[in-house]
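Single-structure report; data block below.
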Amino acid sequence: MSKEYAIAQLWIGGNLSYMEQLCAVSFRDAGHHVKMYTYGDVGNIPDGIEICDANEIMPLGTVIAHKRTGSPAPQADKWRYNMLAKTDDQIWADTDAYCVKQFTTPNGHFHGWESAHHINNGVVGLPSDSATLEGLIDFTSDEYAVPDWFSEDLKAEMRAKKEAGDPVHVGEQSWGVWGPQALTHFLHKTGEHKYAMPIEALFPISFKQRRMMLKPNMDLSHRITDNTLSIHFWGRRMRMRIIERENGEPHPDSLIGKLIKKHGIVPSDAPLPKSNPHKPKEPQMIPGTSIPVVTNADRAGRGGVNLTDIADEMHLDQGSQKHRFTELYHMLFQPMRLRALEFVLLGLGGREAVERQESQTLAMWLKYLTKAKITAIDPDKFPKAKDKRVKLMQCSFDTREAIAKATKKLEKLDVVLDDASHASHHQQYAFAELFPKLKSGGLYIVEDLRFQPKDLETSGFPKTSGLFQGYIGEGGFVHPDEALQDDLNAMRADISGCFIFQAKYHRQRRDQILVVHKR
């Protein structure tokens, strides 16, 4: 007979929302004994869930938090490893893990691949005598430990800081350093990664694919299979998305909406908090100083119309809360903001986004560029735009011929902004066809250079960032497609400037935005 395992969860902060309730009752309804460990009183814990004192596993002390997000994730990581070491009949589950089928394990190992490179600790079971568990507990006992899996340069830098009396705290290190990063490292070090289950078992819908769970009537049978035991909801980001784009509750015909109904959860009884309950309420200071952080509220009302303010009001990821693209765009476009620009936007976020009038990016540009005419091009076909300044055009980016045919009548453009599929060949085909259509002084911009969807990439094509870095460094374009190489090099005399900006404009981060200026 298989051993019965209880499910252990930890909640640090305010009351549970309906999302945490849903996850807790999913385990209860699957037949598990669920233990919700808390430090102090927590409201909205569903019936049938045992409330336990988290101090029994590990005294709280000072919460170890991730500084950028305010999340107590490092604290929860450390706590779960100590819990597993002290019990032999409990499996850890994050409060954003939904149970599809009851968890069982013949050997105490219960963990799974999140991707081809990481084993996630959002759901994890390890036998108390596991060498991996021993390594994790030892590693997380030092809040200033230097991760062995970091690059040699970074390790050397961190060790030098530690020796100089200025060690790097775990809260200042990369997200997940005590979580998936550490678990993956120690499982491989001990050879216990052989017990990890495939992606479809515990993390069938990835972080990048999380929005699928909010789309009405989305067929997810190719991801959630008979082998799926759990679904991860990617809590903080999912809650933000539901608040900002779904008016606080998921569509009843979405996956999450259907699961809420299945388990009898009433969202209005435990609404999502509109702010991060883990974020400090007092003014934040720049780490290591007494200098307060400048907030959007501090900036409000200063100066003229600002594109970043508009993006932040619309909760767009191009604004200050995530990518910060708009800070650059405002500098580029502010002098021409009131001109009757010919603006081409590649990519609208898919048919559903436009039909549900959620193409907020388009709305942002209309509000900022008050006289611009915007041609929005996407592979999907859309009904006629309601705004007379917008023209919607269908176009596949798979071939240069398709782009040339669809855009034949476009000419004398001021700006082209590529925020479409992000596939390398799509970006390069579009540039080859549309850069020649720019006026003198025109701008060609490509977003998201650091992310190319693997299912769309074409073998042999260079990344767009590498292609243009080569041009910047060597003065020419080198490409395996000889015709494309010839056409790109023929354009060089028309390029006034070519600039690549890294993510959030930090020099050490990956390439993110390309801006090419036409002579």
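Quick look at the values:
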{"read-out": "Those residues of segment 475-516 which are of a type in the set (Phe, Trp, Tyr) and surrounded by fewer than 15 Cβ atoms within 10 Å (Cβ to Cβ), in sequence order", "value": "Phe499, Tyr505"}
{"read-out": "Selected residue (only one of Asp455, Asp398, Asp448 is in the same structural domain as Phe477 (by TED's automatic domain parsing) and either under 21 Å from Lys381 (Cβ atoms) or in a helix (DSSP H, G or I) (or both))", "value": "Asp398"}
{"read-out": "Selection count where residues are surrounded by fewer than 19 Cβ atoms within 10 Å (Cβ to Cβ) and either in a helix (DSSP H, G or I) or not assigned by TED's automatic domain parsing to the domain that holds Val25 (or both), scope segment 125-134", "value": "2"}
{"read-out": "Criterion: surrounded by 21 or more Cβ atoms within 10 Å (Cβ to Cβ) and more than 29 Å from Lys261 (Cβ to Cβ) - qualifying residue of Ala73, Ala85", "value": "Ala73"}
{"read-out": "Test set (1) basic (Lys, Arg); (2) closer than 21 Å to Ser230 by Cα; (3) not in a loop (DSSP other than H, G, I, E, B) - Lys161 fails condition number", "value": "(2)"}
{"read-out": "Single match in Gly122, Gly112 (criterion: in contact with a helix residue (DSSP H, G or I) (Cβ under 6 Å, 6 or more places away or on another chain) and part of a strand (DSSP E or B))", "value": "Gly112"}
{"read-out": "Per-region count, segment 374-395, residues over 16 Å from Ser421 (Cβ atoms) and modelled with pLDDT of 90 or more", "value": "7"}
{"read-out": "Lone qualifier among Asp387, Asp398, Asp378, Asp419 - being touching a helix residue (DSSP H, G or I) at 6+ places or on another chain (Cβ under 9 Å), crowded, with 22+ Cβ neighbours inside 10 Å and touching a residue at least 12 places away in the same chain (Cβ under 8 Å)", "value": "Asp378"}
{"read-out": "Among (1) at pLDDT 95 or above; (2) loosely packed, with under 13 Cβ neighbours inside 10 Å - the single one Pro280 does not satisfy", "value": "(1)"}
{"read-out": "Search result, residues across segment 1-33 that are outside any loop (DSSP other than H, G, I, E, B) and among the hydrophobic types (A, V, I, L, M, F, W, C)", "value": "Ala6, Ile7, Ala8, Leu10, Trp11, Met19, Leu22, Cys23, Ala24, Val25, Phe27"}
{"read-out": "Among the residues listed as Val34, Val100, Val63, the single one being closer than 22 Å to Trp234 by Cα, in contact with a Lys or Arg (Cβ under 9 Å, 6 or more places away or on another chain) and among the aliphatic types (A, V, I, L, M)", "value": "Val34"}
{"read-out": "Candidates Thr105, Thr95, Thr38, Thr69 - the one that is among the polar types (S, T, N, Q), within 26 Å of Ala145 (Cα to Cα) and in the same structural domain as Glu143 (by TED's automatic domain parsing)", "value": "Thr69"}
{"read-out": "Matching residues, segment 169-228, being touching a Pro at 6+ places or on another chain (Cβ under 6 Å) and more than 30 Å from Arg159 (Cβ to Cβ)", "value": "Leu214, Arg223, Ile224, Thr228"}
{"read-out": "Any chance Ala503 is within 14 Å of Val344 (Cα to Cα), among the small types (Gly, Ala, Ser) and modelled with pLDDT under 95", "value": "no"}
{"read-out": "One residue from Thr375, Thr361 being in a strand (DSSP E or B) and either over 29 Å from Arg492 (Cα atoms) or in the same structural domain as Glu482 (by TED's automatic domain parsing) (or both)", "value": "Thr375"}
{"read-out": "Residues (of a type in the set (Phe, Trp, Tyr) and outside any strand (DSSP E or B)) located in segment 497-519", "value": "Tyr505"}
{"read-out": "Verdict on Glu20 being surrounded by fewer than 21 Cβ atoms within 10 Å (Cβ to Cβ) and in the same structural domain as Ser141 (by TED's automatic domain parsing)", "value": "no"}
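Table: residues versus (1) under 26 Å from Leu410 (Cα atoms); (2) at pLDDT below 95.
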{"position": "Gly442", "(1), (2)": "yes, no"}
{"position": "Gly460", "(1), (2)": "no, yes"}
{"position": "Phe468", "(1), (2)": "yes, no"}
{"position": "Val478", "(1), (2)": "no, no"}
{"position": "Asn489", "(1), (2)": "yes, no"}
{"position": "Gly497", "(1), (2)": "yes, no"}
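The values are calculated or read from the model by the stated rules, or taken from the named source; none is laboratory data. These numbers were taken from a predicted model, which means no experiment stands behind them. A quick note on method: Cβ atoms are made from the backbone with ideal geometry, for glycine too, and the neighbour counts reach across all protein chains shown.
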